[in-house]
Structure formats: C-alpha cells, structure tokens
1. Are there trypsin sites (Lys or Arg not before Pro) in segment 285-381 that DSSP marks as loop and that have at most 14 other Cβ atoms within 10 Å, and which are they?
2. Enumerate the amide H contacts of N550 below 5 Å, restricted to partners 5 or more residues apart or on another chain; note that Pro and chain-start residues carry no placed amide H.
3. Could you give each residue of segment 545-561 its phi-based ³J(HN,Hα) in whole Hz, using Karplus coefficients 6.51, -1.76, 1.60 with θ = phi - 60°, and x for Gly or Pro?
4. Once you have a ≥ b ≥ c as the square roots of the Cα gyration tensor eigenvalues for segment 2-237, tell me rounded if a/c is under 1.5, and otherwise prolate or oblate according to whether a/b is larger than b/c.
5. For the chain, report the % of Cα-Cα distances exceeding 38 Å.
6. Each residue of segment 53-62 in order: what ³J(HN,Hα) in whole Hz does its phi give by Karplus 6.51 cos²θ - 1.76 cosθ + 1.60, θ = phi - 60°, with x for Gly and Pro?
7. For helix 126-136, what angle does its Cα long axis make with the longest principal axis of the chain, in degrees from 0 to 90 and rounded to 10?
8. Report the one residue of V96, G69, Y29 whose Cα lies farthest in the direction of the positive end of the charge dipole of segment 27-173 (charges on C-beta: Lys and Arg +1, Asp and Glu -1; origin at the Cα centre).
Amino acid sequence: MCGIVGYIGEKCACDVLVEGLRRLEYRGYDSAGVALLVDDHINVVKTIGKVSVLENIIHDSKSARIGIGHTRWATHGEPNSVNAHPHTDCSGDIAVIHNGIIENYVALKKKLSCLGHEFKSQTDTEVLAHLIEEFNSRADNLEVAVRLALREVDGTFGLVVMSAKEPEVLVAARRGSPLLIGLGESEKLIASDASALIRHTRNVVYMHDNEIAVVTRNNVSLKNLDDETINREAEYLTFNLEQIEKGGFDHFMQKEISEQPETILNAFRGRLKDDEGIATMGGLRDVEDKVTNAKRFVIIACGTSWHAALVGKYIMEQHARIPVEVDYASEFRYRKPVLMEGDVVWAISQSGETLDTLAALREAKRAGVPVYGIVNVVGSTIARETDAGVYIHAGPEIGVASTKAFTSQLAVLNLINLLVSRKRKTLDAKQGKEIIEEMHRLPEKICQILDQKERIKEIAEEFRDSRNFLYLGRGVNFPVALEGALKMKEISYIHAEGYPAAEMKHGPIALIDEDMPAVFIALGHSTYHKSLSNIQEVLARKGKVIVVANEADGRLKDLSDHIIEIPRTLEILSPILSVIPLQLLSYYMAIERGCNVDQPRNLAKSVTVE
Ligand code: M6R
C-alpha cells in the first residue's frame, strides 16, 4: 500500500528519495513526504497529493545525505498534509515512516498522552514516533529504543526511523509489510519495493517478519526482535530499469496490456515438453507427487488473482478431475476452513505481498497442509513463505489494474493442469500435445487482438457516458466476465457487474433497458448455444449488446450492436484471449472519461493492510 524509501550515503538524499517515491507512487498516493537531516536537525516536508507536488515544495535540503520518504494510502486519518508521513516525536528529533496498521494505537495514544506527549495527526503511525521517543530517553541508542517500542505494538509494520541525535543511522523493522535493503558502495537504501532502489544497486537483502536492521552507509546489521544476530546472503535483482518505465507508452496499463504476447511466452518458456505432451515446472519438481496425488486443491487469492483461481477451478475440474475450491483469502482466514489430509492449498498473488493472502496461507500452514504459490514478484513474502511454487514471470506490473499478471496466472494454471492431468492419466499424450501446440500459438493470437485496439476505442467512445455495464459469460469465461467488470469499475469508475450469463434471468435482467450495455463473452465452445439465447433475452429488452466472439461468427454479427472478434483456441485457453478486449475496453473508457488510468482513486497496487 504505502511506499517507503530510506537513504544513507554520499549522494543528495533528497534526490534519491524523490526519485524512489516516484517509482513507488503506484503503491499508494494520497499524500507524500520526506524527512531529511539538515545541519543537525530533521527537516520534514509533506503534502497532500502527488510526489511532483512534494518535489516543488522541498527547499534547502540538498545538503542532506540521510533521509526517509513515504507515499501514503490512507488507513487511519483522512488524506491531508498533517496525516502524511513522516511523523515526528514531540522534540522533532525522531522521524518515522510506516506501512501497516498499529492495531492498539488508541490505547497507546492514551497512555502516551497521559505521559505528556502531544499528538498532531489522526494516524496510528504517530504513536510509533512518541513511543520510540519515550524509550529513547532511557535506552542506549535508537536501535534499542525501536526494539523496546515494538514490543508494545500489536499489528503490522514495515518502518524506517531516523534520529537527529544519531545522524549516521537508519533503523528499519518489519512485521507483515515488505522491506528490503539495498547494499550500495558507501551507501544503503531501504525500500518497500525493489523498484525504488534498483537504480542505485542490485544487491539486496530481504527483511523477514520480526526483524530489525541497523543501517549505516557502510554496514547493515540484521537482528530479530529478540536481539539475536541474523546472517543472510544478499540476493541479486535481475529485472532492468526499462521494465519499470513506460517505454514510449502513455500509461503503464497500456504498456502492460501490450506486453502480453511476450509475457505469455515467458510463462511457458522452458516448461513445455512438446514431445511428451506434458508440462514441467522447476519450482514444483520436488513436490510433484504431492500435487498429482492431492485429493483436493484449495486456491486462495484476492481480486484479479481470485478470478484467475476461478478459471483454474473450471479447467482442473474438467481435465484433471480433481475437486477445486476457490476462496477469497480474506474469508478463508477467518472462517475456520476445513482442511484435510490430501489437500493442497495454492496461494495466487501478483505482488506476493497481499496481506490477506499471506495470512490465509499461514493459516493453511498451521493446519499442516502443503501450501504452494503462484506468484509474480520474485523474492516476495508469499513466494518465500510457501513450501514450493511457480513464478509467472510477467515482469514488474506497475499499473494498479492488473492485466498481464492475470493472463500469466492463467498460463501457469494451464501448465499445472497439464502436468496434473497427464500424471493422473485423465489426459493422454496426444491430447497433451494438442494443448501444447495451442499454447505455442497464443502469443500470435494475442497480437491479432491487440491489432483491433482502434475498433475497441470506438466502442469506448460510444459508451463513455454509460453509468452501468453488465458482463456476462459462461463456464470458463464466467470469471472473465467478473474480471472485465472489475477492470471497468476500478479505472473508469463505472458501475459494472459480472454474472454467469444464465443467472441473468434470476434477477439482473430487471436492469436491462436501452441504456444498459451488456458485454457478452460468447465463444464457440460448450455453452455457445445457451449464450445465444441469453443474448436474445437482452436484445428483446432493448439492451445494447457488445460481444466478444470467435472470428467469422456470422450468427453473432446479426445478434449484436458491436462485435469484437478474437481467434479461436481451446476452451481451457480461451480466457487468456477473451480478457484482452475487456482490458482494452476499460482502458479506453478510462481515457475517454479523463480518469487516472495507472493510479485510480482510492486504490493501491499492493494491499498490505487488512
Ligand atoms: O498482488 P495480488 O495479486 O495479491 O493482488 C490482489 C488484488 O489486490 C489485485 O488483483 C487487485 O484486485 C487489482 N487491482 C485488480 O486489478
């Protein structure tokens, strides 16, 4: 959610922080701030709005060589410059940035107020600054004060603290919110996301939960909260700067949609055994027996990743004949799920940091079942905490609306389906080979869909003033309808609902009139004829019909106001294609309506709070 960056070294700290915050802005962005050490005192500058606004109001801080910066996504306290981070103690000598939620902050605030501390903001974070101040007056140094303060705290945190009294040190701590430390030559960075530090170094140490780091320009000392030293090898970041830049596109979302021919190729690369008609994934090699002999799969995820999971259910129940349950991670973790011997739990997450998914996977681990991950961000917490897993290799996804990660998740779910179905002998080698042949054709077919963007733009122009949208699909394309509706809602702010097309008669049909566009995904597969009837039902009530159909489908041409044609493929692979026109439709709709595509209001890329 919030973005965190800290710097200590020889460069201008202000420039490093502002540049880092700009790269983190996609995580949260209602306000931003920095604290910089200038002439022995901490200069805090913060504002509501974007990092560009912040940059314009920072003056006289160029000499600072140490500082911390933050982009905020509000949880406690409305977005304004007082509630923006960093927060300081009473003296102004201690500054804190924080991602997470301090659950007992009301009690702590009361206690600290009684001790004479004066609070300026409505945030939970400010109690940390005062709590550290309280312990700092008795402790040997900032590190000890932070450790003692954190013992009092319930909740989650990724935080960085600086003190004017210790001008050569940053102290970072983590429980539940991601943090990594960049190891540069005579400089160190701390960030919530690798994109904020990759310009300065590729050597990083990932912090784990309940760890505290004391960072100077030449050294990092990592300990747990019980003061025991931890030795951890540095890791090398492999993605490059171009991958996190727009590269000539107007928006990250547009770039990420257009990358899909390549990202699908990357998801399959080295994982298809064409001759044997089976898939292989290095990350699952040691657990292949457990996966193929599982009695049931339980998939936990949120948002778009949950939609991918639902597609996985359709595919795997159809082919591998394995029962699959799909659960919202936030529900799973609190509803005492029944897990049994033979269950395998999968956690799907683009960021690998979604708090609900992380908590749900921990719950599953406590129940003693194996938990495997399907994750994009390499080295992320979910990737590390699962027993095994598969990376989707979609590369950094910056746009808040998930696009390429979704299709890559579908690609990997198809690989798992192929592996399990072949091992369980519910598919033979010939069928496996047919699937693989079709997988190889997908990138070219995606290019054909992307070529139709002008046509989709025209549709967006026509419907730009619509207030509602219905998305309808059946079978494996029902979750695609849900995903199309989510994309429309999150970046265009148009109310949209996704339904299984046949459910329409059970309620939503009451909404249909001449002002209601209905987007159907009606491909030539098992439920095609049923979908035709559902389209007739909308037309009979004067609804506007936009159809995603297979190319050269004469029948649907006559039955729709607009048709977007996509190449034919196997039913199990079809969501990888059918979602792309829906991504483009929401993108152009948002542009038409003047919305901020990459940073939609109220949303953050990675949801690291409950
Ligand atoms: O990083 P994750 O895949 O765990 O994130 C899950 C959801 O927060 C995410 O998919 C969200 O729904 C996106 N904004 C959808 O575009």
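All of the numbers you see were taken from the coordinates with simple rules; none came from a lab. The structure displayed is predicted, hence computed values, not measured ones. Methodologically, a virtual Cβ is constructed for each residue, glycine included, from the backbone with ideal geometry; neighbour enumeration extends over all protein chains shown.
1. Qualifying residues, ordered by number: K295, R321, R335.
2. Close amide H contacts, sequence-distant or interchain: G524, I566.
3. So the J values, rounded to whole Hz, are 10, 10, 10, 9, 10, 6, 4, 6, 9, x, 5, 6, 4, 6, 9, 9, 7.
4. Judged from the Cα gyration tensor, segment 2-237 comes out rounded (a/c under 1.5).
5. The proportion of pairs with Cα distances above 38 Å equals 35 percent.
6. 5, 4, 3, 6, 10, 8, 10, 6, 10, 5
7. Between the helix axis and the principal axis of the chain, the angle is about 40 degrees.
8. Highest projection toward the positive end goes to Y29.
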